[in-house]
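Worksheet: one structure, shown below.
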Amino acid sequence: MLDADFFRRWMRAVAASVDREADRLTALDSAIGDADHGSNLQRGFTAVAAALEKEAPGTPGAVLTLAGRQLISTVGGASGPLYGTLLRRTGKALGDAAEVGEEQLAAALREGVDGVMKLGGAAPGDKTMIDALAPAVDALGSGFAAARAAAEEGALATTPLQARKGRASYLGERSIGHQDPGATSSALLIAALADTAEAGGE
């Protein structure tokens, strides 16, 4: 079972990963976006880590709800509302339980991903964060490592796609050949989840 401490460690792991990969995310975004994806997420998840140090919510749902709220208030552009919606919806779906199982987390994350799809109007194949998140949630029933692999494969698979949503869609065919930064950062989020589980969070 996964408790609030596990979810706090997951969010700290995401913050550390985004910190390390911020330049790469921004480089990807410079090709097909505003060149600010890495710096925006870095600012957002740094704020999440700081808020969790200060408040230390007592349930998994409360940890993710707080994280989502922080992202919405500190991250500019589209990624703040999208990531904020993902985590807040997931947190809300987890409810007030002190501990949750992997199946509960998978079901809650699916609600979060559905919320992102509704907000952004994106579907799998549109070259967005959904291309990493949707397969990861589908694979989570087979374990955290399977979810990480599915997210990474999904992010890589955005390279030959033409963007149909978001700023990259304005480029038309010129968006082909570039890996989507949102799918890439989403794969980091799932990888951090798997790393946290492997470090003994279960």
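Excluding same-chain neighbours fewer than eight residues apart, the lysines reachable from Lys118 by a Cα-Cα span under 28 Å are Lys92, Lys127, Lys165. Sorting the segments 129-135, 55-61 by their residues' average number of neighbouring beta-carbon atoms within 10 angstrom, most packed first, yields 129-135, 55-61.
Ligands, DNA and RNA are left out, and with a 1.4 angstrom probe the accessible area of segment 1-113 is 43 Å² per residue.
Under the rule a/c < 1.5 gives rounded, and otherwise a/b versus b/c splits prolate from oblate, where does segment 45-164 land using the Cα gyration tensor? Cα axes put segment 45-164 in the oblate bin. For segment 110-186 and segment 1-72, what is the separation of their Cα centres, given in Å? Spelled out, the Cα-based centre of one part sits 18 Å from the other.
The sum of -39500 (n - 2.57) across all DSSP H runs of n ≥ 4, divided by the residue count of the chain, sets its helix-only mean residue ellipticity at 222 nm to -23000 deg cm²/dmol. Under a GNM of the chain (C-alpha, springs under 10 Å), which listed residue has the highest mean-square fluctuation: Gly141, Gly91, Gly172? Highest fluctuation of the listed residues: Gly172. Using θ = phi - 60° in the Karplus curve 6.51 cos²θ - 1.76 cosθ + 1.60, the 3J(HN,Hα) couplings for segment 170-176 round to 5, 7, x, 5, 5, 7, 5 Hz; x is entered for Gly and Pro.
For the chain, the calculated P(r), taken from all Cα-Cα distances in 5 Å bins from zero up to the bin holding the longest distance, is 1, 9, 17, 23, 22, 15, 8, 3, 1, 0 percent. Residue separation of Ala123 and Glu55 scaled by 0.36 nm, minus their Cα-Cα distance, works out to 21.0 nm of gained length. Taking the chain as a Gaussian network of alpha-carbon nodes connected by springs under 10 Å, the highest mean-square fluctuation of the residues Thr184, Thr128, Thr46 belongs to Thr46.
The values are calculated or read from the model by the stated rules, or taken from the named source; none is laboratory data. Keep in mind the model is a prediction, meaning the values are calculated, not measured. Cβ coordinates were reconstructed from backbone atoms using ideal geometry, including for glycine residues, and neighbour counts include every protein chain displayed. Ligands, DNA and RNA are stripped out before the accessible areas are found, and what is left, the full protein with its side chains, is counted by its heavy atoms. Shrake-Rupley method; radii C 1.70, N 1.55, O 1.52, S 1.80 Å.
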